[in-house]
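A short write-up of the structure that comes next.
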Amino acid sequence: MNEAANLSPFEVLARYERLSLAHTSDTRQTMEAPGLWRGIGYRVGSRLFVSSIDEINELLAVPVMTTVPGTQPWLLGVANVRGNLVPVIDLGRFLFDARTQVTERTRLLIVRQGGGNVALMVDEVFGQRTVDEIQRRDAEPEDDPRLARFVDDRVGEQKLALFSMGRLVRAPDFRQAAA
C-alpha cells in the first residue's frame, strides 16, 4: 500500500489497467460461439417469448406517457425517452386483445423501426436466453394463428416462442395505429 502512495495518478491508472487486463476473459469467443443464438426472454400474458438480442435496443421501466387521441387501443401513447418521443404499444393488446396490467415487473422493449424507435410494453423480462442447435432442431411450430406471422418455432423446455421484431414492425396493421 505504501508503494501505491508514491505513484503518480497516471501510474495508478496504468496499474489498474494492467491488473484489469490480466483478469479479462475472452468474452468475444463466448458471445460468438458457433451454433448459439442469443435473445431476450419476456412474457406477454401467459405466453413466453424470446427475440434476438440484435432486435432489442434497450429495456426500460414504464415511463410517464401522453395519450394520443384517435388511435388504436393498443397504442398507449408516446413517452419521452432521452429527448425522443417514442410510441408505446401494449404488445398484449395488439397480439391477444388483452390489456397489459402495469406492475413493478412491467417493462418496455425499445425496438428500431423505419422512422425511429417504438416501445413495446410486456408483462415481464427474463433477461438473456441462448438457444442452441439441439433446441432449434427439436423446435415445435407455432400453433396459435394470431402469432404464426411473427413466430416460426417454439424452443426449449419452456416452449419459448422465437418472436421476430422485424416482422412485427413491418406488419401493415402494426404500422397503422390510427383508429
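Among Val111, Val118, which is in a strand (DSSP E or B), within 20 Å of Arg167 (Cα to Cα), of a type in the set (A, V, I, L, M) and touching a helix residue (DSSP H, G or I) at 6+ places or on another chain (Cβ under 6 Å)?
Within the list Val111, Val118, the selection yields Val111.
Considering only residues that are closer than 22 Å to Gly92 by Cα and surrounded by 18 or more Cβ atoms within 10 Å (Cβ to Cβ), which ones fall in segment 126-146?
Result: Arg129, Glu142.
Can you tell which of Ala14, Ala33 is of a type outside the set (Asp, Glu), exposed (fewer than 15 other Cβ atoms within 10 Å of the Cβ), modelled with pLDDT under 80 and part of a helix (DSSP H, G or I)?
Ala14
Output the number of the condition that Thr103 fails; it satisfies all remaining conditions of (1) surrounded by 11 or more Cβ atoms within 10 Å (Cβ to Cβ); (2) modelled with pLDDT of 95 or more.
Of (1) surrounded by 11 or more Cβ atoms within 10 Å (Cβ to Cβ); (2) modelled with pLDDT of 95 or more, only one is false for Thr103: (1).
With respect to the numbered conditions (1) closer than 30 Å to Gln135 by Cβ; (2) modelled with pLDDT of 60 or more, which one is the sole condition not fulfilled by Thr27?
With (1) closer than 30 Å to Gln135 by Cβ; (2) modelled with pLDDT of 60 or more applied to Thr27, the lone miss is (2).
Between residues in segment 129-145 that are over 10 Å from Gly156 (Cβ atoms) and residues that are at pLDDT below 90 and assigned to a loop (DSSP other than H, G, I, E, B), which pairs lie under 8 Å by C-beta distance while being six or more apart or on different chains?
Glu133/Gly35
Checking Asp173 against (1) assigned to a helix (DSSP H, G or I); (2) in contact (Cβ under 8 Å) with a residue 40 or more places away in the chain; (3) charged (D, E, K, R), which single condition isn't satisfied?
Checking Asp173 against (1) assigned to a helix (DSSP H, G or I); (2) in contact (Cβ under 8 Å) with a residue 40 or more places away in the chain; (3) charged (D, E, K, R), the one that fails is (2).
Within segment 121-132, track down each residue that is assigned to a strand (DSSP E or B) and of a type in the set (Asp, Glu). Please lay out each step first, then the result.
Looking only at segment 121-132, we keep the residues that are assigned to a strand (DSSP E or B), and these are 121-122, 124-131.
Scanning segment 121-132 gives a single hit, Glu124.
The values are calculated or read from the model by the stated rules, or taken from the named source; none is laboratory data. Just so you know, these numbers come straight off a predicted model, no measurement behind them. FYI the Cβ positions are ideal-geometry reconstructions off the backbone, even for glycines, and counts take in every protein chain you see.
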